[in-house]
Amino acid sequence: MFRKDISVSLTGTLAKQGFAMVPGVLDEAERTELIDKLGPIIGAGQRGILGLPPIAKLASSDRLLSLVESYLPAQSQAVRAIYFDKNPNSNWMVTWHQDLTIAARERIDVSGFDPWSTKDGVPHVQPPVHLLEQMMTVRLHLDDSDKTNGALRVIPGSHRLGRLSAEAIQELRIQQPSELCCVAAGGALLMRPLLLHSSGKSQTAGHRRVIHIEYASFALPGGLQWNETP
């Protein structure tokens, strides 16, 4: 069963490694209800789900906020949520990368925010590194995630190296060992956006469903607004 004080024991691990795994955040009934309410999706994932009432309620719950607020410099809020479902009909691999973009309500040119791109009609931009360092991602696993179905693989400590070039990523892959993040259904993977990570294709006939929620402890400058917050 999830405990509110569990984040205390994870502080050192997450600060040093850039990720931590927390079991038992969701029980079976909650997982079943979320799967039912989210329904099937077309393609790899569904963006913009923070606007759905059950996801908004979960993202702002004490149980999730208590997981992230110990690691962020100020009060945090959920700013983006994505639902992923890796299965035989929608199967993919992800090369080594960092999560460098945020979703904005509209494009406003602000110093340090560059380059801009568009994903599913929503403006995305790379903020300065010092702001990415004030963010945390919680990946809630609705199914078991392991080496057979495309679990996330990370390079521990890589979040402390700033924004990495393609060349630096290739060098790091060779020099540093990676770790597979096997998380049981109902568990959560906490990770820093700058943590280098990848995932392979699933080799099973089942699902690997994950709710990916991003938290930030700062307001956007220059009139910029988060796309998924009120």
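Of the residues making up region 37-59, those that are charged (D, E, K, R) and closer than 21 Å to residue 91 by Cα number 1.
For region 17-39, a tally of residues being exposed (fewer than 11 other Cβ atoms within 10 Å of the Cβ) and assigned to a loop (DSSP other than H, G, I, E, B) returns 1.
Residue pairs whose Cβ atoms lie under 9 Å apart, separated by 6 or more positions or on different chains, with the first residue in region 3-20 and farther than 15 Å from residue 154 by Cβ and among the acidic types (Asp, Glu) and the second surrounded by 12 or more Cβ atoms within 10 Å (Cβ to Cβ) and at pLDDT 70 or above, are 5/66. Identify the residue in region 96-124 that is in a strand (DSSP E or B) and touching a residue at least 40 places away in the same chain (Cβ under 8 Å) and, among all such residues, is surrounded by the fewest Cβ atoms within 10 Å (Cβ to Cβ). This residue is 119.
Residue check: is residue 131 among the hydrophobic types (A, V, I, L, M, F, W, C) and touching a helix residue (DSSP H, G or I) at 6+ places or on another chain (Cβ under 7 Å)? It is false that residue 131 is among the hydrophobic types (A, V, I, L, M, F, W, C) and touching a helix residue (DSSP H, G or I) at 6+ places or on another chain (Cβ under 7 Å). Does residue 190 satisfy being touching a residue at least 24 places away in the same chain (Cβ under 8 Å), within 20 Å of residue 135 (Cβ to Cβ) and part of a loop (DSSP other than H, G, I, E, B)? Against the criterion (touching a residue at least 24 places away in the same chain (Cβ under 8 Å), within 20 Å of residue 135 (Cβ to Cβ) and part of a loop (DSSP other than H, G, I, E, B)), residue 190 does not qualify. For region 145-177, taking the residues that are touching a residue at least 60 places away in the same chain (Cβ under 8 Å), at negative phi and outside any helix (DSSP H, G or I), the one that is surrounded by the most Cβ atoms within 10 Å (Cβ to Cβ) is identified as 145. Within region 68-95, the residues that satisfy the criterion of being of a type in the set (S, T, N, Q) and either more than 17 Å from residue 224 (Cβ to Cβ) or surrounded by fewer than 14 Cβ atoms within 10 Å (Cβ to Cβ) (or both) are 70, 75, 76, 87, 89, 90, 91, 95. For region 183-217, the set of residues classified as out of contact with any Lys or Arg (no Cβ under 9 Å at 6 or more places or on another chain), surrounded by fewer than 20 Cβ atoms within 10 Å (Cβ to Cβ) and at pLDDT 95 or above consists of 184 only. Scanning region 79-96 turns up at least one residue that is out of contact with any strand residue (DSSP E or B) (no Cβ under 6 Å at 6 or more places or on another chain) and within 21 Å of residue 187 (Cα to Cα).
The values are calculated or read from the model by the stated rules, or taken from the named source; none is laboratory data. Everything quoted here is computed from the prediction, not taken from an experiment. Using ideal geometry, Cβ is built from the backbone for each residue, glycine included, and neighbour counts are taken over all protein chains shown.
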